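The values are calculated or read from the model by the stated rules, or taken from the named source; none is laboratory data. Note that this is a predicted model, so its numbers are computed, not measured. Here the Cβ positions follow ideal geometry from the backbone for every residue, glycine too, while neighbour counts run over all protein chains shown. Side chains included, ligands, DNA and RNA excluded: accessible areas come from the protein's heavy atoms. Shrake-Rupley method; radii C 1.70, N 1.55, O 1.52, S 1.80 Å.
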Amino acid sequence: MIWVAWRQQRAQLITLAVVSLVVGTALAMLHWLMLDDLHSAEPAGCWIQQGISADCRKPVAEFQNRWFDLMKVGQVGIIALPGLIGLFLGAPMFARDLEQGTHVLAFTQSVGRARWMVTKLLVGLVPALSMLLVLQWLVSRWLVSARDLGPLITGPYEPLTFVSANVTPLAFTLFVFCLGAFLGALTRRTLSGMTITLGVFVAGWAALLSMRTVWFPPVRVLSDLDYSPSGPEVVLSYRTGYVGAQGQEFGRDQVNAIMRACDQPGYDCWRGHGLAHQFADVLPAADAWKLHLVEGSVCVALAAALVIGTFWVLRGRV
Amino acid sequence: MFWLMWRRYRPQLIVLASLLVLGGLVLPLLTSLVAEDFRTLHLDQCAGQAQYIGPCVQRVQAFSATWNFWLEAARIGLLTLPVLLGMFLGAPLVARELEQGTHVLGFTQSISRTRWLLTRLAVILLPSLLLTVAAQWLVLRFLLAAGDDRGPYYWTRFGISDLAPASYTLFAILLGTFAGALLRRTLPAMVVSLTATVAARVTLDALHPFLLPRRRLVTELGGWPADGSLMTGVRGYLDAQGQVLPQEAVTALHDCRQAAPSTDQWACWHEHGAVHGFVDVIPVAEAGTLHLVEASIFAGLAVLLFLGTIGLLRRKV
Amino acid sequence: MDGALSCSGLGKKFRRGWAVRDCSFELPEGKVVALVGPNGAGKSTLLGMAAGLIRPTEGELWVHGTPVRNRTHPDVAFLAQSRPLYRDFTVREQIKAARAMNDRWSDERVTEILDLLAGVDPKAKVGELSAGARSQLAIALALGRLPKVLLLDEPLSDLDPLARDETLRLVMTEVADRGTTVVMSSHLLGDLREVCDHLLLIDKGHVQVDGDIEDVLAEHRILVGPADSPEPEGTLVSATRTERQATLLMRDTVSVPDGWAGTEPDLESLVMGYLRAARGRRD
């Protein structure tokens with residue numbers, strides 16, 4: 001049975017293997033080239049910057065010109081992978097059988113529908129997830145080695161960083177893959193299944209990011225008027241604003257009116273209007289793993305529901 | 001004939017129309033919201049000056065915390081739209097017919113194979129181009145309302161401005177069609193179409209510095225042209241006579257940098273003969289020409305792919 | 001070249017070898033031609049080339065004297081074995097689609113045929129029709145082109161006996177009314193005998209028999225005799241032998257020798273004889 005499932009998806013799985021090999025090699029090479037650049041050229045001393053010194057500004061800019069976007073592309077690749085896997089492996093999984101009528105062949109043998117379905121899913125999923133893990137590991141190694149000069153400087157909650165790190169890609173891949181399989185079984189058309197999968201993939205990605213503020217109660221951080229509380233880069237800001245000396249919040253309109261009234265530099269005028277601190281309701285950077293875990297679990301639960309749904313749809317198919 | 005094509009590609013055309021409607025509703029809404037935010041935060045005062053100190057810091061930060069994601073998403077969406085159109089509309093265009101054998105139905109009637117291909121290409125291509133151009137207009141309006149001021153050569157900017165999206169869509173759809181005619185199977189054709197369109201975009205991006213004549217820009221030592229010109233990768237130092245400093249002298253500068261404390265670096269460099277720096281660039285003003293050149297390349301490739309598809313269809317059963 | 005459909009030195013080579021080779025024939029106008037041969041003999045390839053779908057590797061093909069080059073001749077209609085139809089169209093939409101793709105077209109002819117053939121609902125989706133109804137729709141679409149040469153690849157394979165009878169009668173009417181030449185490949189020899197008047201038997205891409213059925217049958221004899229008697233004169237096509245008795249299909253026998261009983265074969269036994277010979281050659 002495993003052989004049959006493998007034989008049916010051979011082309012996709014071989015493509016997957018070749019792509020992983022090529023991309024993996026390219027990532028390793030980029031990593032190596034970047035390290036070389038980092039060590040041989042100037043930025044070496046500028047690695048950890050407490051405010052970029054004048055000496056560092058140019059070499060850092062040049063280094064980032066060469067590498068920053070490339071590293072972002074690496075992150076985008078990890079984000080796109082779940083979509084590609086769901087689209088090209090998940091959606092055609094049952095749709096192609098139903099389209100070509102070959103499911104009848106499987107249904108009329110002694111192997112049960114559940115076993116047929118689970119075997120097919122696993123033969124597609126296991127290689128796909130392994131590929132994802134390997135590539136994700138290569139990308140994260142590469143990004144980590146760029147230290148503060150790479151995209152990781154903006155903290156774990158930066159959208160691209162968040163969706164391409166920790167267990168999120170794995171769980172999301174599982175979800176999109178099962179979604180593709182379900183939609184393929186439902187529509188019985190490869191192309192329709194793929195199109196809808198793509199749509200839900202994009203929507204799911206947006207949901208993953210916009211739901212982040214739902215799961216945990218925020219921590220309120222106060223700071224002086226002239227700089228924001230630890231900046232948006234290391235924490236996930238739920239809400240920011242201004243408070244008075246007693247901690248009472250100022251509405252956005254009030255703040256806008258004050259800002260308009262105080263045109264001169266400095267904050268004395270602001271204080272005169274009663275503003276005392278900036279505040280931010282945040283999730284600290286150190287709690288990122290909790291968020292990954294929660295959103296990952298949601299994805300896995302949805303994937304499980306979709307597998308059950310797929311089975312339910314397939315059982316009803318002639 | 002057009003009725004037939006409409007009937008045959010109804011789902012695809014409906015999806016295109018819904019995308020157009022969705023974009024037409026969401027993007028203007030976002031545009032007005034972002035413009036409102038831009039206004040209330042007085043970001044026009046922050047443009048180009050003192051973004052890192054003073055009251056602008058909070059305002060810029062507050063603005064980008066809300067909007068950066070949407071702006072980035074709009075850019076990436078418009079960049080990938082042609083790729084998706086090529087993959088989902090171009091690749092199945094011929095491949096699905098060949099796969100299901102319905103091409104036999106068309107080939108055994110009075111219409112010629114060229115006309116058979118042309119009508120279905122037109123029915124898919126024209127709405128796709130319309131969607132691309134409309135999306136481009138909406139997205140650029142959105143980005144401009146957010147004060148987006150990256151130079152015209154920045155890769156997420158170049159790929160979404162001027163002729164780039166339309167020519168890329170034209171190319172992607174014809175590439176998909178060709179892949180479908182060649183491979184005769186939808187799924188492989190889609191994979192090939194995805195890979196090849198992305199590869200073509202990346203290759204052309206890498207070729208940009210070689211497509212137009214370069215101009216030499218003389219800078220101060222340690223200076224950096226920040227007007228958004230396209231860097232060609234050629235750079236170095238000039239001596240007092242305006243001659244390019246030879247490679248040995250540049251290597252010597254390296255030692256100078258390590259030896260001297262940072263304060264008198266430039267004096268040390270002067271001693272070694274480096275008076276100015278230079279970079280070879282393609283100026284900002286040339287962006288339109290570069291778009292024209294790139295679009296011609298894509299259009300030329302599209303014509304070749306069209307001819308190739310016709311050739312394949314003539315040869316095949 | 002004269003004749004409704006003719007070819008000379010026609011051959012088609014696929015990657016795995018020659019499907020049709022060295023075919024030359026001239027099919028007379030207004031006949032119903034039975035194209036028979038074992039599975040994989042090259043029947044579909046031959047019809048595909050006649051329809052302008054498959055480009056011959058060598059040789060040429062003519063329809064009413066005009067060469068067929070890489071597109072379907074305006075006077076030819078072709079029913080492909082795979083019955084290519086848009087499965088998500090309704091029957092009415094499918095007919096409209098075919099009209100859109102043709103210069104010469106008759107909607108009346110199509111509806112007339114579908115009415116005659118009893119029971120293809122014009123509002124039903126093509127993909128939901130039975131295989132037989134799909135075949136009938138495809139035949140109706142082929143006739144809607146008002147062809148002078150009608151190529152049918154296995155037109156009867158999906159049909160029940162009644163529908164088969166209706167379809168054959170339809171083809172006969174077509175020939176009688178419009179003088180259409182019909183080339184029909186089929187394995188159902190009993191049905192073919194009733195309507196066909198010309199036989200084209202091919203094997204391994206070569207023409208084995210080409211001629212008017214009456215003439216062809218008259219040329220052949222089935223001889224039955226004792227197993228140990230010497231073989232009679234003439235060309236032996238194939239033989240079946242049991243311990244005591246031999247049955248031979250002979251071509252161009254002058255006379256029936258002593259000890260043998262000779263009869264004229266019917267179409268079925270003639271074709272069976274050739275098919276058996278083909279299998280013998282293959283082994």
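When region C:224-250 is filtered for residues that are basic (Lys, Arg) and in a strand (DSSP E or B), only C:Arg241 remains.
Exactly one of these conditions fails for C:Arg221: (1) in a loop (DSSP other than H, G, I, E, B); (2) surrounded by 12 or more Cβ atoms within 10 Å (Cβ to Cβ). Give me its number. All conditions are met except number (1).
Selection of region A:130-155 for residues being in contact with an Asp or Glu (Cβ under 9 Å, 6 or more places away or on another chain) and either open to solvent by less than 50 Å² (accessible area, probe 1.4 Å) or not in a helix (DSSP H, G or I) (or both) yields A:Pro151, A:Gly155. The residue pairs whose first member lies in region C:259-283 and is open to solvent by less than 90 Å² (accessible area, probe 1.4 Å), whose second member is among the small types (Gly, Ala, Ser), and whose beta carbons are closer than 6 Å, counting only pairs six or more residues apart or on different chains, are C:Gly259/C:Gly225; C:Gly259/C:Ser229; C:Trp260/C:Gly225; C:Gly273/C:Ser238; C:Ala277/C:Ser238. Counting only helices (runs of 4 or more DSSP H) that sit completely within region B:77-155, zero hold 2 or more residues that are under 26 Å from B:Ala35 (Cβ atoms) and hydroxyl-bearing (Ser, Thr, Tyr). Given the structure, is C:Thr57 of a type in the set (S, T, N, Q), away from every other protein chain (no Cβ under 13 Å) and open to solvent by 40 Å² or more (accessible area, probe 1.4 Å)? When the stated conditions are applied, C:Thr57 does not pass them. Evaluate region B:182-196: report whether one residue or more is open to solvent by less than 20 Å² (accessible area, probe 1.4 Å) and away from chain A (no Cβ under 14 Å). Looking for residues that are open to solvent by less than 20 Å² (accessible area, probe 1.4 Å) and away from chain A (no Cβ under 14 Å), one finds none in region B:182-196, hence no.
Of the residues A:Leu191, A:Leu198, A:Leu225, the single one that is touching a strand residue (DSSP E or B) at 6+ places or on another chain (Cβ under 7 Å), within 9 Å of chain B (Cβ to nearest Cβ) and either among the aliphatic types (A, V, I, L, M) or surrounded by 15 or more Cβ atoms within 10 Å (Cβ to Cβ) (or both) is A:Leu225.
Looking across region C:148-187, the residues that are of a type outside the set (S, T, N, Q) and under 18 Å from C:Gly40 (Cβ atoms) come down to C:Asp153, C:Glu154, C:His187. Among the residues of region B:280-312, those that are surrounded by 20 or more Cβ atoms within 10 Å (Cβ to Cβ), more than 18 Å from B:Arg120 (Cα to Cα) and out of contact with any strand residue (DSSP E or B) (no Cβ under 6 Å at 6 or more places or on another chain) comprise B:Glu286, B:Ala287, B:Leu290, B:Glu294, B:Phe298. Within region A:160-174, being aromatic (Phe, Trp, Tyr) and either free of Cβ contacts under 8 Å to residues at least 24 places away in the same chain or open to solvent by 20 Å² or more (accessible area, probe 1.4 Å) (or both) holds for no residue.
Take the residues in region B:162-181 that are among the small types (Gly, Ala, Ser) and out of contact with any His (no Cβ under 7 Å at 6 or more places or on another chain); name whichever of them is surrounded by the fewest Cβ atoms within 10 Å (Cβ to Cβ). Among residues in region B:162-181 that are among the small types (Gly, Ala, Ser) and out of contact with any His (no Cβ under 7 Å at 6 or more places or on another chain), the one surrounded by the fewest Cβ atoms within 10 Å (Cβ to Cβ) is B:Ala166.
Anything in region B:1-18 that is within 12 Å of chain C (Cβ to nearest Cβ) and open to solvent by less than 50 Å² (accessible area, probe 1.4 Å)? List them, or say none. Passing the criteria: B:Met1, B:Leu4, B:Met5, B:Arg7, B:Arg8, B:Tyr9. Out of (1) closer than 20 Å to C:Ser186 by Cα; (2) crowded, with 17+ Cβ neighbours inside 10 Å; (3) under 17 Å from the mean Cα position of the chain (by Cα), the odd one out for C:Gly52 is which? C:Gly52 satisfies all of (1) closer than 20 Å to C:Ser186 by Cα; (2) crowded, with 17+ Cβ neighbours inside 10 Å; (3) under 17 Å from the mean Cα position of the chain (by Cα) except (1).
When restricted to residues that are at pLDDT 80 or above, among the hydrophobic types (A, V, I, L, M, F, W, C) and open to solvent by 40 Å² or more (accessible area, probe 1.4 Å), region A:4-22 contains 7. Here is the figure for region A:156-186: residues that are in a loop (DSSP other than H, G, I, E, B) and modelled with pLDDT under 85 total 3. Scanning region B:88-106 for residues that are at the interface with another protein chain (Cβ under 7 Å from one of its Cβ atoms), touching a residue at least 12 places away in the same chain (Cβ under 8 Å) and open to solvent by less than 10 Å² (accessible area, probe 1.4 Å) turns up just one, B:Pro92.
Going by the structure shown, is C:Thr167 modelled with pLDDT under 90, of a type in the set (Ser, Thr, Tyr), open to solvent by 20 Å² or more (accessible area, probe 1.4 Å) and within 21 Å of C:Glu268 (Cβ to Cβ)? The answer is no for C:Thr167. In the set (1) in contact with a helix residue (DSSP H, G or I) (Cβ under 6 Å, 6 or more places away or on another chain); (2) closer than 16 Å to B:Asp162 by Cβ, the condition left unmet by B:Trp137 is number (1). Being open to solvent by less than 10 Å² (accessible area, probe 1.4 Å), within 10 Å of another protein chain (Cβ to nearest Cβ) and under 14 Å from the mean Cα position of the chain (by Cα) is the filter here; which residues of region B:71-87 pass it? Listed by number, the list is empty, since nothing qualifies. Any residue at all in region C:87-97 that is open to solvent by 60 Å² or more (accessible area, probe 1.4 Å), touching a residue at least 40 places away in the same chain (Cβ under 8 Å) and facing another protein chain (nearest Cβ under 10 Å)? Checking region C:87-97: at least one residue is open to solvent by 60 Å² or more (accessible area, probe 1.4 Å), touching a residue at least 40 places away in the same chain (Cβ under 8 Å) and facing another protein chain (nearest Cβ under 10 Å).
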